[in-house]
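Participant: Pasting a structure below so you can have a look.
Only the coordinates and a few stated rules stand behind these numbers; no lab work does. Quick caveat, the model's predicted, so the values are computed rather than measured. With ideal geometry, Cβ positions are generated from the backbone for all residues, glycine too; neighbour counts draw on all protein chains shown.
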Amino acid sequence: MDELIIQGGKPLSGKVRISGSKNAALPILLGSMLVPGEVVISGLPELQDVGTTIELLTLFGCSCRREGDSVSIVAGSGLKPEAPYDLVRTMRASVLCLGPLLARLGRARVALPGGCAIGSRPIDMHLRSLEKLGASFDLDSGDILGHCERLRGAHVVFDFPTVGGTENMLLAAVLAEGETILENAAREPEVSDLAEFLNACGARISGQGTSLIRIKGVESLRNCRYTVMPDRIEAGTYMAAAGISGGDLQLENCPDWALDTVIAKFREMGLEVEAGESVTRVRSSPDLACIDIVTQPYPGFPTDMQAQFMALMCVASGSGMIQETIFENRFLHALELMRLGAQIKISGDTALIRGERRLIGAPVQASDLRASASLVLAGLAARGTTTVRRIYHLDRGYERMEDKLAQVGARIRRKK
Ligand code: UD1
């Protein structure tokens, strides 16, 4: 298994280009199954989850051709509705094939998903809302079996603004008969990006970006070309890298418009963030201070940035609190940060971080995607050598992270 070896203590400086968003790319790729003609998706990050999704599309019978950061997908006739466990278990987002398979074929067999080990992560809201459109589900040997006649528009009120649940509904309802209304829908920018992609294919979705989304069903979707949005979490992670290393980074292709809350929190800690025409400049300060954070659905503070802020707070002055309200069991990185000398106390869904620690390098183990990022960040600040193990998690979500960091001066290498 690959490891990252980091010699900390070097301030980063220079330019980093932000890649396309993983969390926008995955539902958009799966959405291409709704279109019988050719769909060309560009701006794709080179990530394992993207590769897995394209492999999944190929297994469904789509013809996929990759070229650089684009893929051409044709989901013609003869599609198969089965997603095997071996692929699905590595990536929770594969549950998003339920919507398109039901809409297009009226049948789906999808293994219950795996993905990051951050809590139980059920899919009950996905299934309940798809049932409202007329689908029914059974469980068979760990697979969800779904079937339906043509889906029919419905009024759905989510108990919680679930990102994946909202996306599955968009993917199903675009071809349903009549209008679907989603209340308490997720407002995340990646949900809006999926809606924009579907509209570019001829869907009639309005209200994306708000908690009330309307989808007027259409008979079929048509060919389109689409570029996925840049990755706001990757951008936020490099902002944290500038902060924790005492550095000065310029981020190209940075989606500032999707990072208001995160940038406000960085500024509250003392970072200088300047959004310019083509780059966003992030400068650290010797006077970084801990703050309090509560994770919330968008536009609140994203759970996917919580671990990175925790690493940054370990070296800032004072003490701060992080409350994680979205996922249970998402503080595994805290124990590993403590191996580097961090002082963190966990009580239920809240972590108390005492700052001003001098971190000292050690071997640590990544437990999930964003936890891995927080350990790399801590390694950039730590004295001596930090070895981050199990970085397959990192490879699922960060494109060439060690190359991008090395380009701006980090002493980091991958050991195969
Ligand atoms: C997506 C993102 C993930 C991010 C999360 C929250 C992708 C591929 N992943 O995950 O990076 O951290 O949004 O911003 O886009 N829940 C249920 N039942 C359901 C669905 C969700 O109880 O049917 C719970 C989950 O366990 C979790 C909460 O609702 O506690 C939020 O989940 P959700 O918004 O659906 O996140 P994901 O789509 O899984």
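Participant: Kindly identify region 22-227 as rounded, prolate or oblate by the Cα gyration tensor criterion: order the square roots of the eigenvalues as a ≥ b ≥ c, call it rounded if a/c is under 1.5, otherwise compare a/b with b/c, prolate if a/b is larger, else oblate.
Facilitator: Note, shape of region 22-227 comes out rounded.
Participant: Rounded to the nearest 20 debye, what is the charge dipole size of the chain about its Cα centre when +1 sits on each Lys and Arg Cβ and -1 on each Asp and Glu Cβ?
Facilitator: With only Lys, Arg, Asp and Glu charged at Cβ, the dipole is about 900 debye.
Participant: Here is a follow-up. What Kirkwood radius, in Å to one decimal, follows from the Cα pairs of region 1-89?
Facilitator: With all distinct Cα pairs of region 1-89 included, I get 14.9 Å.
Participant: So, one more: For the chain, which longest stretch is free of loop sites, where a loop site is one of the GluC sites (Glu not before Pro) that DSSP puts outside H, G, I, E and B and that has at most 10 other Cβ atoms within 10 Å?
Facilitator: 1-148
Participant: Also: Under a Cβ-Cβ cut-off of 12 Å, what is the net charge of the residues other than Glu336 that fall near it, where Lys and Arg count +1 and Asp and Glu count -1?
Facilitator: +2
Participant: List the lysines whose Cα lies under 17 Å from the Cα of Lys216, skipping any in the same chain that are fewer than 8 positions away.
Facilitator: Lys132
Participant: Return the aspartates and glutamates within reach of Lys415: Cα separation strictly under 18 angstrom, same-chain partners fewer than 8 residues apart disregarded; answer none if there are no such residues.
Facilitator: Partners within reach: Asp2, Glu3, Asp395, Glu399, Glu402, Asp403.
Participant: Under the definition of Cα pairs under 8 Å and six or more residues apart, what whole-number percent is the relative contact order of region 191-309?
Facilitator: 19 percent
Participant: Among DSSP beta bridges whose residues both lie in region 22-227, state the antiparallel percentage, nearest 5.
Facilitator: Antiparallel bridges: around 75 percent, rounded to the nearest 5.
Participant: Net charge near Pro363: determine it from the other residues with C-beta under 9 Å of the C-beta of Pro363, scoring Lys and Arg +1 and Asp and Glu -1.
Facilitator: Here the count lands on +1.
Participant: Something else: What does the charge add up to near Met313, with Lys and Arg as +1, Asp and Glu as -1, over the other residues with Cβ less than 12 Å from its Cβ?
Facilitator: Surrounding charge for Met313 is 0.
Participant: Rounded to the nearest 500 deg cm²/dmol, what is the calculated helix-only ellipticity per residue at 222 nm for the chain, with -39500 (n - 2.57) per DSSP H run of length n ≥ 4?
Facilitator: Result for the chain: -9000 deg cm²/dmol, rounded to the nearest 500.
Participant: Using the structure shown, select from Lys22/Lys345; Lys15/Lys416; Lys22/Lys404; Lys15/Lys265; Lys15/Lys345; Lys10/Lys404 the pairs with a Cα to Cα distance greater than 24 angstrom.
Facilitator: Among Lys22/Lys345; Lys15/Lys416; Lys22/Lys404; Lys15/Lys265; Lys15/Lys345; Lys10/Lys404, the Cα-Cα distance tops 24 Å for Lys22/Lys345; Lys15/Lys416; Lys15/Lys345.
Participant: Sticking with this one: Using only the Cα atoms of region 80-173, build the gyration tensor, take square roots of its eigenvalues as a ≥ b ≥ c, and label the shape rounded, prolate or oblate: rounded if a/c is under 1.5, else prolate if a/b is larger than b/c, else oblate.
Facilitator: Because a/c hits 1.5 or more and a/b fails to exceed b/c, region 80-173 counts as oblate.
Participant: How large is ³J(HN,Hα) for each residue in region 362-369, as worked out from phi by the Karplus curve 6.51 cos²θ - 1.76 cosθ + 1.60 (θ = phi - 60°), to whole Hz, x for Gly and Pro?
Facilitator: 6, x, 9, 10, 7, 10, 7, 4
Participant: Additional query: How compact and how long is the chain, expressed as Rg and Dmax of its alpha-carbon atoms in Å?
Facilitator: Reported Rg and Dmax, both Å: 21.3, 62.
Participant: Any idea what diffusion coefficient region 322-389 gets from Stokes-Einstein, in µm²/s, Kirkwood Rh on alpha carbon pairs, 20 °C, 1.002 mPa s?
Facilitator: It diffuses with D of about 177 µm²/s by this estimate.
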